[in-house]
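Each remark here refers to the structure printed beneath this line.
The values are calculated or read from the model by the stated rules, or taken from the named source; none is laboratory data. All of these numbers come straight from a predicted model, not from anything done at the bench. For neighbour counting, all protein chains shown are included, and Cβ atoms are generated from backbone atoms with ideal geometry for every residue, glycine included.
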There are 2 protein chains.
Amino acid sequence: MPELRKDPITGTWVIISSERKQRPKYYLSAFEQDLSTPATCPFCPGNEAMTPREIAAHRPGGGPADGPGWEWRVFPNKYPALRVEGELSESAEGFFNRMNGIGTHEVIVETPDHGKSLAALEPGKLQAVFSVFRERIIDLQRDSRFRYVMIFKNKGAAAGATIAHSHSQLVALPVIPIRVQEELLGAENYFRLKERCLFCDIINYEGEANRRLLCENDCFTIMAPYAPRFPFEFVLYPKKHTPAFESSSDHELAALAELLKIFLERIDKTLNNPDYNLILHNSPFTGNSREYYHWHFEFAPILTRVAGFEWGSGFYINPVSPEESVRALKK
Amino acid sequence: MPELRKDPITGTWVIISSERKQRPKYYLSAFEQDLSTPATCPFCPGNEAMTPREIAAHRPGGGPADGPGWEWRVFPNKYPALRVEGELSESAEGFFNRMNGIGTHEVIVETPDHGKSLAALEPGKLQAVFSVFRERIIDLQRDSRFRYVMIFKNKGAAAGATIAHSHSQLVALPVIPIRVQEELLGAENYFRLKERCLFCDIINYEGEANRRLLCENDCFTIMAPYAPRFPFEFVLYPKKHTPAFESSSDHELAALAELLKIFLERIDKTLNNPDYNLILHNSPFTGNSREYYHWHFEFAPILTRVAGFEWGSGFYINPVSPEESVRALKK
C-alpha cells in the first residue's frame with residue numbers, strides 16, 4: 001500500500017510507492033526514447049487490453065468500452081502512485097506524520113494516432129482534451145477524501161515520459177502539493193494587503209509593460225514569468241479572474257485550445273520539438289482560496305542539463321532571461 | 001551582468017545569468033558523458049591555463065600558482081552564475097524585485113587524478129577537501145554582501161556535471177536559497193514550541209528507533225530521511241548540535257571523511273557507481289538561526305527518470321521507501 005509521508009522539517013509531502021518500481025524502465029539513469037510502434041504501444045487502438053479498464057472514452061462511431069474507435073481514452077495508470085480503495089487514515093511514527101496513500105492516478109491518451117503530438121491536434125480535438133480534464137476534475141471533486149487534482153503532461157523521455165504516445169496524467173491527492181501551497185500563501189498574503197488577486201495584477205502589469213508577454217487572445221494570455229527557473233519557461237493565465245479550471249466554459253476551452261496550439265507550434269519550431277512538461281496549477285477543492293487564486297498552466301521545455309543541486313537547494317540558475325525567451329519566440 | 005530576481009508569487013529567488021550559456025554543452029537535452037582525457041581535461045595538472053587564476057591550492061612539494069604539483073585547487077568558475085565585482089543594489093521593476101547578481105562561483109578540484117572519484121580518495125585527502133570547504137566559507141563570510149554559501153557536488157552527467165574530473169562547486173549568495181529557508185522556518189517553529197533543535201530530536205529519535213539509521217561514528221550519523229524525495233536519499237548530520245559547518249574541528253573533519261568514505265563506497269558498490277548530488281546545507285551568515293539550525297549534507301543518487309512535474313508541483317513520488325534503502329545498503 002502506498003503511503004504519504006510528511007517531512008518534519010520542510011512540511012513537504014512525499015508519496016512512497018513501491019508499486020511504481022515495477023514500471024518498465026524505471027531504473028534507468030540515462031534517458032532512453034520509447035521506440036514502440038503502433039503494434040507494441042499500449043496506448044494505441046487495438047491494444048486496449050494492455051491497459052487497465054477505461055474510466056471514460058469518446059467513440060464518435062460507437063463501439064464497446066476497451067475496444068478501438070476512440071478519439072481520447074482515460075484509464076487508471078497501470079503502475080499507480082496511489083490507490084483509490086480505502087478510507088483515508090492518518091497515523092504517526094514517533095513525531096512523524098503519515099497517511100495511507102489514497103488517491104487516483106489516471107492516464108489520458110489524447111489521440112489514437114501514435115505519432116501525433118499535442119501541438120498537432122486539430123483545435124477541436126485539443127479542446128476535447130481540455131473538456132476531459134474538466135470532467136475528470138468535477139468527477140473527482142465529489143470524493144471528499146481528495147483535496148487536490150494535479151494534471152500534468154510529460155512529453156518525451158527527458159521530461160519523464162516512459163511512453164512516447166501523446167498522453168497526460170492526473171493525480172488526485174488528499175494533500176496540496178507544496179509548490180501550490182507556496183503560491184496560495186503568496187497570493188493570500190497579497191490579497192490581505194491589497195484586496196486584489198496577485199495573478200490578476202501580474203497579468204495587468206505584463207499586459208501594459210509588454211516585456212514578457214508572448215501571445216494572447218480574448219480569454220487567455222501567455223507570458224514568461226518575471227523570475228523563471230528554466231529557459232523558455234512560460235505561464236498561461238485566463239485573463240478573467242478564475243480560481244478553478246473546471247469552471248471554464250466550452251467557449252473558454254476553445255480559446256484555450258486555440259492559443260495553446262499556436263504556442264506549442266511556435267515552441268516546436270523555435271526549439272526543434274523539445275521534450276517538455278506542462279502542468280495545470282488549479283485551486284484546491286476546499287478552503288477559501290477561490291478569492292485569491294487564479295488557475296494557470298506552467299510550461300517548461302527540457303533544454304538544459306539538470307543541475308541536481310537545484311532540487312536540493314531550490315535555487316535555480318537560468319541562462320536565458322525571460323525577455324530573451326520572448327524575443328526568440330517572437331522572431 | 002547576472003541578475004537575481006524574486007518570484008512575486010512564491011518568493012523564490014532565481015539567478016538569470018546569460019554568461020552560463022557560453023558553457024560548452026549547456027544546451028544538450030540528453031545527457032552526454034564528458035570523454036576528456038588528462039590531456040584535454042581543464043581540471044588536470046598541466047592544464048591550469050585552461051581555468052581562471054587559482055584562489056587557493058595545496059602543493060606539498062611547492063611550486064608556483066597555476067602550475068602543476070597540487071593536491072587540490074580552487075579557482076573561479078569559468079562560466080560563473082554570479083559576479084564578484086560591484087556593490088549590492090536592489091531595484092524594482094513595477095512590483096517585481098531584483099538585485100544585481102553579486103556573488104562568487106568557485107570550483108574546487110578535489111584531486112589531480114583524472115579518474116579518481118571522491119569515494120576513492122584516501123581519508124586524509126578527503127579531510128583536506130573538507131578543510132578547503134571550511135576555509136572558503138570563513139573567507140567569504142568576511143564579505144558583508146553575502147548571506148549564504150552553498151557548496152555542492154554534481155557527480156556525473158546525469159547529476160548535472162559537464163566535467164568528469166572530480167570537483168565540487170561553491171556559490172556565495174546575497175540571499176538564502178528557498179529550500180534552506182523552508183528548513184529554517186520549520187526548525188524555528190519547532191524551537192519556539194519545544195525550545196529544542198528539531199534536527200537534534202530527529203537524530204535522537206532515529207538513533208533509538210534504528211529503522212532508518214545507516215551508519216555512524218563518534219561525531220556523525222548517516223540516515224535516510226523519513227520522507228525522502230528520491231530513492232536512496234540520505235542525510236549526514238553531526239551528532240552534536242552544530243549550526244555552522246565552518247566551526248568543525250580538524251578532529252571532526254577527519255571523522256566526517258572517514259564516515260562519508262565508507263558511505264560512498266557502499267553506495268558505489270550497491271548501486272553500481274551512480275551519478276549523484278551531494279549538497280551542504282549550512283547556517284546562514286546572519287540571523288539567529290544558530291540556536292535552532294543544524295548543518296548537514298544531503299545526498300541523492302540519480303537513479304530514476306526525472307518526472308519533470310515534480311519540479312512544477314514540489315510533489316515527489318518515490319518508489320523506494322527509506323527503510324528499503326537502508327536495508328539494501330546494509331546487505
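For segment A:219-281, which fully contained strands (runs of 3 or more DSSP E) count at least 1 residues that are free of Cβ contacts under 8 Å to residues at least 60 places away in the same chain?
Values: elements: A:220-223, A:234-238, A:276-281.
Fully inside segment A:219-281 and qualifying: A:220-223, A:234-238.
Working only within segment A:34-60, note down all residues that are charged (D, E, K, R) and part of a loop (DSSP other than H, G, I, E, B).
First pass over segment A:34-60, keeping only residues charged (D, E, K, R): A:34, A:48, A:53-54, A:59.
Those that are charged (D, E, K, R) and part of a loop (DSSP other than H, G, I, E, B): A:34, A:53, A:54, A:59.
Being surrounded by fewer than 22 Cβ atoms within 10 Å (Cβ to Cβ) and modelled with pLDDT of 90 or more is the requirement here; does residue B:124 meet it? Let's see the steps before the verdict.
On the way: surrounded by fewer than 22 Cβ atoms within 10 Å (Cβ to Cβ): yes; modelled with pLDDT of 90 or more: yes.
When the stated conditions are applied, residue B:124 passes them.
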(request) Just give me the residues in segment A:183-215 being under 21 Å from residue B:13 (Cα atoms) and either basic (Lys, Arg) or not assigned by TED's automatic domain parsing to the domain that holds residue A:324 (or both), in sequence order. (result) A:211, A:212
(request) Would you check if there is a residue in segment B:294-309 being in contact (Cβ under 8 Å) with a residue 12 or more places away in the chain, more than 30 Å from residue A:18 (Cβ to Cβ) and away from chain A (no Cβ under 11 Å)? (result) yes
(message) Out of everything in segment B:4-51 that is surrounded by fewer than 17 Cβ atoms within 10 Å (Cβ to Cβ) and at the interface with chain A (Cβ under 7 Å from one of its Cβ atoms), what residue ends up being modelled with the highest pLDDT?
(response) B:11
(request) Exactly one condition in (1) in a helix (DSSP H, G or I); (2) at pLDDT below 95 is not met by residue B:300; state its number. (result) (1)
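Go through A:297, A:315 for me and flag whichever is within 20 Å of residue A:240 (Cα to Cα) and assigned by TED's automatic domain parsing to the domain that holds residue A:200.
Numbers: A:315 fails: within 20 Å of residue A:240 (Cα to Cα).
Within the list A:297, A:315, the selection yields A:297.
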(request) Please tell me if residue A:286 is in the same structural domain as residue A:211 (by TED's automatic domain parsing) and more than 24 Å from residue A:182 (Cα to Cα). (result) no
(request) May I ask you to say which residue of A:151, A:176, A:203 is surrounded by 18 or more Cβ atoms within 10 Å (Cβ to Cβ), touching a Ser or Thr at 6+ places or on another chain (Cβ under 7 Å), of a type in the set (Val, Ile, Thr) and at the interface with another protein chain (Cβ under 10 Å from one of its Cβ atoms)? (result) A:151
(request) Could you look through segment A:206-249, keep only residues that are farther than 18 Å from residue A:280 by Cβ, more than 12 Å from chain B (Cβ to nearest Cβ) and among the charged types (D, E, K, R), and pick out the one that is surrounded by the most Cβ atoms within 10 Å (Cβ to Cβ)? (result) A:216
(message) Here's a check for you: in segment A:98-110, which residue that is farther than 19 Å from residue A:134 by Cβ and among the hydrophobic types (A, V, I, L, M, F, W, C) is farthest from the other protein chains (Cβ to nearest Cβ)?
(response) A:102
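Just to check your reading of the model, which residue among B:96, B:130 is in contact with a strand residue (DSSP E or B) (Cβ under 9 Å, 6 or more places away or on another chain) and either closer than 23 Å to residue B:57 by Cα or in the same structural domain as residue B:40 (by TED's automatic domain parsing) (or both)? Working first, answer last.
Values: B:130 fails: in contact with a strand residue (DSSP E or B) (Cβ under 9 Å, 6 or more places away or on another chain).
Result: B:96 is the single residue among B:96, B:130 that is in contact with a strand residue (DSSP E or B) (Cβ under 9 Å, 6 or more places away or on another chain) and either closer than 23 Å to residue B:57 by Cα or in the same structural domain as residue B:40 (by TED's automatic domain parsing) (or both).
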(request) Could you tell me whether segment A:282-300 includes any residue that is polar (S, T, N, Q) and closer than 30 Å to residue B:235 by Cβ? (result) no
(request) Inspect segment A:180-197 for any residue being touching a strand residue (DSSP E or B) at 6+ places or on another chain (Cβ under 8 Å), assigned to a loop (DSSP other than H, G, I, E, B) and closer than 28 Å to residue A:117 by Cβ and give the result as yes or no. (result) no
(message) Within segment B:80-96, does at least one residue satisfy the condition of being modelled with pLDDT under 95, touching a Gly at 6+ places or on another chain (Cβ under 8 Å) and of a type in the set (D, E, K, R)?
(response) yes
(request) Being closer than 25 Å to residue B:40 by Cα, in contact (Cβ under 8 Å) with a residue 60 or more places away in the chain and small (Gly, Ala, Ser) is the filter here, so list the residues in segment B:87-127 that pass it. (result) B:117, B:119
(request) Provide a single number: the residues in segment B:147-179 that are out of contact with any Gly (no Cβ under 7 Å at 6 or more places or on another chain) and assigned to a loop (DSSP other than H, G, I, E, B). (result) 10
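Here is a check on your reading of the model: is residue B:59 touching a strand residue (DSSP E or B) at 6+ places or on another chain (Cβ under 8 Å), basic (Lys, Arg) and in the same structural domain as residue B:167 (by TED's automatic domain parsing)?
Working: touching a strand residue (DSSP E or B) at 6+ places or on another chain (Cβ under 8 Å): no; basic (Lys, Arg): yes; in the same structural domain as residue B:167 (by TED's automatic domain parsing): yes.
It is false that residue B:59 is touching a strand residue (DSSP E or B) at 6+ places or on another chain (Cβ under 8 Å), basic (Lys, Arg) and in the same structural domain as residue B:167 (by TED's automatic domain parsing).
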(request) Taking the residues in segment B:52-97 that are within 14 Å of chain A (Cβ to nearest Cβ) and among the hydroxyl-bearing types (Ser, Thr, Tyr) as candidates, determine which candidate is nearest to residue A:318 (Cα to Cα). (result) B:79
